[in-house]
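Peer 1: Handing you a structure now.
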Amino acid sequence: MNLQELIAQLPKAELHMHIEGSLEPELMLQLANRNGIALPYQSVEEIKQAYQFSNLQDFLDIYYQGAGVLVKEQDFYDLTMAYVKKCHQDNVVHTEIFFDPQTHTERNISFETVINGITRALADGETKFGITSHVIMCFLRHLSEEQALKTLEMSLPFKQLIKGVGLDSSELGHPPEKFQRVFAEAINAGYEAVAHAGEEGDPSYIWGALDLLSVSRVDHGVRSIEDPKLVDRLVKEQIPLTVCPLSNLKLKVFNDLKDHCLKKLLDKGVVVTINSDDPAYFGGYVSQNYLETAEALELQAEDIKLIAKNSFKASFISDDLKLKWYEAIDNIN
Ligand code: HPA
Ligand code: ZN
């Protein structure tokens with residue numbers, strides 16, 4: 001079996017995917033038309049041309065603009081259903097997706113509209129394809145903690161639909177300590193906690209996510225490689241990293257996929273996973289991320305199977321289900 005076949009056959013979980021980042025140019029244009037929203041682009045080609053980024057902020061500016069076409073519950077449903085179909089194609093059997101409520105509530109779209117559209121599509125995805133899922137709401141770190149606290153409060157009536165909280169958007173200058181109170185309150189309310197850290201920010205952002213926000217896994221976390229004590233801690237406590245190789249390449253966290261630290265972290269014993277982050281913007285869904293990473297870093301079949309197992313290990317599914325997926329992976333030769 002070649003690598004591509006192995007990757008296709010392996011059941012996988014995705015743990016780092018922003019649903020707004022799965023908005024493909026075709027659907028963006030369609031929703032802009034449907035909702036009478038003006039975009040600075042006339043065609044799919046023009047949209048794709050605009051996707052040239054030098055850093056995280058370049059991307060975020062275009063990503064928030066794109067999300068502006070999402071208005072009605074059906075828009076969030078269509079967006080999420082398109083992603084679920086990609087999961088089915090890629091043999092992603094479980095997904096834990098992020099959404100950014102503040103990107104929408106700031107435009108006077110209700111929390112209810114957003115969460116109902118997303119979760120209705122996920123429920124249909126489970127019925128149709130057997131794909132299980134959780135939803136994680138992210139606070140935008142460029143906004144204030146007070147606004148995050150308001151968002152947390154807004155989420156409470158929908159708590160049974162939401163597994164956890166996360167932290168995304170512009171990292172530099174918005175360290176974890178800014179959100180210490182809101183994470184404590186979220187955990188107290190019964191939410192799981194994750195956070196983006198160590199994508200552009202130095203290792204202190206990862207220490208902060210662990211010590212001040214009490215996260216159980218770290219999104220990106222690739223800059224941990226610069227701090228051996230931190231890597232030791234990630235290994236000792238088996239704190240997973242949700243790594244997004246094509247995102248890191250597009251946002252110039254690494255200049256070449258061959259320079260990516262994923263294999264080094266894996267060899268040191270870190271629970272590394274592979275995810276797509278914002279697949280419509282970064283050039284590939286989960287299997288494409290596995291494939292390009294495997295080729296660039298010369299991963300072996302055993303590495304790829306370990307990464308697939310890690311994706312379940314790092315997820316919020318039950319231990320019984322984890323065992324079921326480990327066994328399914330072991331049975332692929
Ligand atoms: N980093 C920070 N914020 C984000 C990202 C990311 O990779 N994707 C969507 N929002
Ligand atoms: Zn992300």
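Values in this text are rule-based calculations from the coordinates and carry no lab data. Computed from a predicted model, the values in this text were never measured in an experiment. Backbone-built Cβ (ideal geometry, glycine too); neighbour counts: all protein chains shown.
Peer 1: Please report His104, His142 as a ranked list, fewest other C-beta atoms within 10 angstrom at the top and most at the bottom.
Peer 2: With the sparsest Cβ surroundings first, the list reads His142, His104.
Peer 1: Using unit Cβ charges (K, R positive; D, E negative) and no other charged atoms, how large, in debye to the nearest 20, is the dipole of the range 113-272 about its Cα centre? Let's see the in-between values first.
Peer 2: Working: 19 positive and 22 negative charges, 74 e Å.
Roughly 360 debye, rounded to the nearest 20.
Peer 1: Using a simple charge model, +1 on the beta-carbon of Lys and Arg, -1 on the beta-carbon of Asp and Glu, nothing else, what dipole does the range 1-142 show about its Cα centre, in debye to the nearest 20?
Peer 2: Using only the charged Cβ atoms, the result is roughly 160 debye.
Peer 1: Sort Cys244, Cys87 by Cβ crowding within 10 Å, fewest neighbours at the top.
Peer 2: Working: Cys244 30, Cys87 24.
In order of increasing Cβ crowding within 10 Å: Cys87, Cys244.
Peer 1: Set Lys and Arg Cβ to +1 and Asp and Glu Cβ to -1, take the dipole of the chain about its Cα centre, and tell me which of Thr127, Val194, Asn275 lies farthest positive.
Peer 2: Positive-most Cα among the choices belongs to Thr127.
Peer 1: Further question: Can you compute the modelled spin-label distance between Asn333 and Thr127, with each label point 7 Å from Cα toward Cβ, in nm?
Peer 2: If labels sit at Asn333 and Thr127, their model points lie 4.0 nm apart.
Peer 1: Once you have the alpha carbon radius of gyration of the chain, what is it after dividing by 2.2 N^0.38 Å, with N set to its residue count?
Peer 2: After normalising by residue count via 2.2 N^0.38 Å, the value is 0.93.
Peer 1: Determine the distance separating the Cα centre of the range 87-143 from the Cα centre of the range 236-260; give it in Å without decimals.
Peer 2: Going from one Cα centre to the other spans 23 Å.
Peer 1: On full extension of the chain, what length is gained from Glu146 through Asp58, given 0.36 nm per residue of separation minus the C-alpha to C-alpha distance?
Peer 2: The Glu146-Asp58 span can extend by a further 29.1 nm.
Peer 1: Provide Rg and Dmax in Å for the range 28-135, with only Cα atoms included in the calculation.
Peer 2: When restricted to the Cα atoms of the range 28-135, Rg and Dmax are 14.7, 40 Å.
Peer 1: Same structure, new question: For the residue pair Leu323 and Val44, what label-to-label distance in nm results when each label sits 7 Å from Cα along the Cα-to-beta-carbon direction?
Peer 2: Result: 4.6 nm between the two label points.
Peer 1: Choose one of Thr293, Ser315, Leu266: the residue whose Cα lies farthest towards the positive end of the charge dipole of the range 257-320 (beta-carbon charges +1 Lys, Arg; -1 Asp, Glu; about the Cα centre).
Peer 2: Leu266
Peer 1: Determine the gain in length on full extension of the stretch Ser216-Glu177; use 0.36 nm per residue of separation and subtract their C-alpha separation, reporting nm with one decimal. Could the numbers behind the result be given before it?
Peer 2: Working: separation 39, 0.36 × 39 = 14.04 nm, distance 1.63 nm.
Extra length available between Ser216 and Glu177 comes to 12.4 nm.
Peer 1: Take the alpha carbon gyration tensor of the range 197-333, find the square roots of its eigenvalues, order them as a ≥ b ≥ c, and report rounded if a/c is under 1.5; if not, report prolate when a/b exceeds b/c, else oblate.
Peer 2: Taking the square roots of the gyration eigenvalues as a ≥ b ≥ c, the range 197-333 is oblate.
Peer 1: Given the Cα-Cα distance of Gln89 and Glu5 and 0.36 nm per residue of separation, how much length would full extension add, in nm?
Peer 2: Full extension of this stretch gives 29.0 nm more.
Peer 1: Same structure, new question: Points 7 angstrom from Cα along the Cβ direction at Glu185 and Lys252: gap in nanometres?
Peer 2: Simple spin-label model gives 3.7 nm for this pair.
Peer 1: Using bins 5 angstrom wide from zero, how does P(r) for the range 132-220 break down, in % of all Cα pairs?
Peer 2: Calculated over all Cα pairs of the range 132-220, the distribution is 3, 16, 29, 26, 16, 7, 2, 0 percent.
Peer 1: Please give the charge dipole size of the chain, origin at the Cα centre, charges +1 on K and R Cβ atoms and -1 on D and E Cβ atoms. Round to the nearest 20 debye.
Peer 2: It works out to roughly 460 debye.
Peer 1: What per residue convex hull volume, in Å³, do the alpha-carbon atoms of the range 79-183 yield?
Peer 2: Spelled out: Cα convex hull of the range 79-183, divided by residues, is 104 Å³.
Peer 1: Further question on the same structure: Using alpha carbons only, what's the Rg to Rh ratio of the range 41-90 with Rh from Kirkwood?
Peer 2: Using Cα coordinates only, the ratio equals 1.04.
Peer 1: If you average the alpha carbon positions of the range 198-224 and of the range 295-326, how far apart do those two centres end up, in angstrom?
Peer 2: The two parts, judged by their Cα centres, are 21 Å apart.
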